[in-house]
Amino acid sequence: MLRIFGRQPSAHCDGRTRRHFLQIGGLALGGASLPQLLAAEQSVGGVRGRVLPHKAVIMIYLSGGPSHQDMYDLKMEAPPEIRGSFRPISTNVAGVEICEHLPRLATMMDRVAIIRSLHGCPDQHASDLCMSGYPIGARGRQDNHPSLGSAVSRLQGPVDPSVPPFVGLTIKTRHAPYSNPGYPGFLGTAHAAFQPEGQGMVDMRLSGVTLEELRDRQSLLQSFDRFRRGADALAQYRGVDALTQKAFDVLTSSRLVEALDLEREDAVVRDRYGRGSADPAFGEDAGPHWMDQFLMARRLVEAGVRCVTLSFGSWDRHGANFERLPVQLARFDQGITALIEDLHRRDLQDDVSVVAWGEFGRTPRINKDGGRDHWPQVSCCLLAGGGMRTGQVIGSTNRLGEVPQDRPVHYQEVFATLYQRLGIDAGTATIPDQAGRPQYLLDQRDPIRELI
């Protein structure tokens, strides 16, 4: 990782230390050093995509499996042991109702699309399905298929040489299968996600620069620039191979540094997103209530990243469902609406797609602990941006929310739509596997007709 040595740094008011920020150079990919990863990328011959403006996707994984009937598909005609205590509220789209604990989303339903009939999920507590369209299978995680971010990295390459095309903001969780930011599958580490929170980079020392000289963000960026000018003059730097030089370019790019530095945002914007914390939600084993990551995702796609993934919340509510969901739904409501509103305000709604979903739904019947258990038969999904036709609900479930009733939508159909929004035709695009055989991105390759 990139380390700048000096005295112990002080903490900011948000609890993040300067040392934490200065270690953003430690963008780790499976434990390999950045020059090794760049060498792997060169060996597989990545195809370069378009220059700016580019298309991008932000993928929000609701770790643990959100309750469809407590978010977007309330069943008020069902018996009490099915419907629970939450009530629906009207939205700004006539005839569409959602949970009372999503009031901000209700005011901008015209800017989102909800899928109530999502299917194709096994009973697996893992992010694999939501990152790739494939669950854990006989060939391992994601059944050895590349995640969307990895496929986009391979097919379109970076927008800017110093900005990785795929960034994973997912934090490490006690339940490891939640921590998958999107594995590269058969593509290998060349197309794995860059992870700002990751480990495994080789240490680098900035010669002649101490922490005392970097007391604020402006000084940090100026020091990066001085370091680069000095390094350019060194014979040993000029003599290193091109891949190591490219690694220096990535690690010292002010563009990536600036995108990761949320202190550059106006405090009003940060407060609108809600900030939050990197700590696991409710102290459990899933994702955090870290609304800052929604903002960071927006900043990263503006900097040139094509795909950003993150996890949010702890949705495995086998107990205390109606006590904890109001807290979690309120935070999700704030973060997701701030992101969607921000994309529209910055005129990015046609270029950046957003998806928020989990690995399965929850049981219609409330259990003895006041929770809902795993329910792979049906789930739900929120989509926004990407120039998609929003302001609609797609599909429905039966009276008790047990199974899809009208217009079943498979997880892979959502992926086909996201690929299409990125300019990739899942019906024709292939990627060679390790044996050189062309592999389609998906088994089900038709986009959702209602959205395009």
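The table that follows gives values for the structure above.
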| read-out | value |
| --- | --- |
| Ascending count of other beta-carbon atoms within 10 Å, so fewest first, for Lys55, Lys75, Lys172 | Lys172, Lys75, Lys55 |
| Computed over region 350-452: relative contact order in percent, which uses C-alpha pairs under 8 Å that are six or more apart | 23 percent |
| Candidates per GluC sites (Glu not before Pro) in region 77-168, loop by DSSP, up to 10 other Cβ within 10 Å | Glu77 |
| Amide H within-cut-off set for Ile394, under 5 Å, with H built and near neighbours excluded | Ile114, Ile115, Arg116 |
| Which of Asp406, Asp347 has the fewest Cβ neighbours within 10 Å, and the rest in rising order | Asp347, Asp406 |
| Pairwise centroid distance, computed over Cα atoms, of region 252-311 with region 389-435, Å | 27 Å |
| Residue order, fewest to most beta carbons within 10 Å, for Arg407, Arg449, Arg154 | Arg449, Arg407, Arg154 |
| Region 58-122: relative contact order as a whole-number percent, Cα under 8 Å and 6+ apart | 25 percent |
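The numbers here are math on the coordinates, done by the rules we state, and not lab data. What you see is a predicted model; the values in this text were computed from it and never measured. Ideal geometry is used to build each Cβ from the backbone, glycine not excepted, and the neighbour counts take in all protein chains shown.
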